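K.L.:
Have a look at the structure that comes next, please.
Values quoted throughout were computed directly from the atomic coordinates according to the rules given, and no laboratory measurement underlies them. No experiment lies behind these values; they were computed from the predicted model shown. Cβ placement follows ideal geometry from the backbone for every residue including glycine, while neighbour counts extend to all protein chains displayed.
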């Protein structure tokens with residue numbers, strides 16, 4: 001008895017053509033859905049950046065309440081600064097005690113005003129264009 005007569009059509013398996021058709025369909029789905037997912041990733045990074053900058057601003061404001069002025073650098077948020085008011089430092093002002101990097105792996109840039117009563121905080125952003133927040 002031939003081997004083909006031992007198995008019915010439904011028990012033989014899939015053909016190469018059927019496999020190729022399934023692969024083409026999966027490729028088309030990936031081509032349609034992929035770009036949408038990558039757009040969401042960039043939007044998420046922008047939201048993460050906004051949230052991190054907000055947390056840094058809150059930490060800067062808490063530092064100012066304790067010390068009377070904004071810090072010389074962001075490092076002062078996680079490490080006791082030297083100087084006459086260092087005994088008033090109640091840090092670390094960041095929850096994990098580590099300065100975060102922006103979602104594009106750049107350091108945040110910080111500058112205090114001359115009188116240390118204002119500041120600007122900056123992220124490089126996704127394309128190198130600065131995202132800037134200033135406070136006083």
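K.L.:
If I take all pairs of Cα atoms in segment 36-81, what percentage of them are more than 14 Å from each other?
P.N.:
58 percent
K.L.:
Relative to the present Cα-Cα distance, how much length would full extension add between residue 132 and residue 72 at 0.36 nm per residue of separation?
P.N.:
Net length gain for the segment: 19.8 nm.
K.L.:
Determine the relative contact order of the chain: mean sequence separation of Cα pairs under 8 Å and six or more apart, normalised by residue count, in whole percent.
P.N.:
17 percent
K.L.:
Rule-of-thumb check for segment 63-132: C-alpha Rg over 2.2 N^0.38 Å?
P.N.:
Ratio of Rg to 2.2 N^0.38 Å for segment 63-132: 1.19.
K.L.:
Quick one: work out Rg over Rh on the C-alpha atoms of segment 94-136, Rh as Kirkwood radius.
P.N.:
1.02
K.L.:
Output the 0 to 90 degree angle, nearest 10, between the alpha-carbon long axis of helix 16-67 and the longest principal axis computed from the alpha carbons of the chain.
P.N.:
In the chain, helix 16-67 runs at an angle near 10 degrees to the longest axis.
K.L.:
If you count, for each residue, the other Cβ atoms within 10 Å and average over each peptide, how do 53-59, 30-36, 117-123 line up from highest to lowest?
P.N.:
The densest-packed peptide leads the list: 117-123, 53-59, 30-36.
K.L.:
Using Cβ counts within 10 Å as a stand-in for footprinting exposure, how do 76, 61 rank, fewest first?
P.N.:
If I rank by nearby Cβ atoms, fewest first, I get 61, 76.
K.L.:
A further question follows. Mind pulling up the Rg/Rh value for the chain? Radius of gyration and Kirkwood radius, both on Cα.
P.N.:
When Rh is taken as the Kirkwood radius, the ratio is 1.47.
K.L.:
So if we plug the beta-carbon distance of residue 24 and residue 45 into 1/(1 + (r/R0)^6) with R0 = 30 Å, what FRET efficiency do we get, rounded to 0.05?
P.N.:
About 0.35, to the nearest 0.05.
K.L.:
Between residue 32 and residue 120, what's the calculated FRET efficiency when r is the beta-carbon distance and R0 is 41 Å? Round to 0.05.
P.N.:
Here the calculated transfer efficiency is 0.45.
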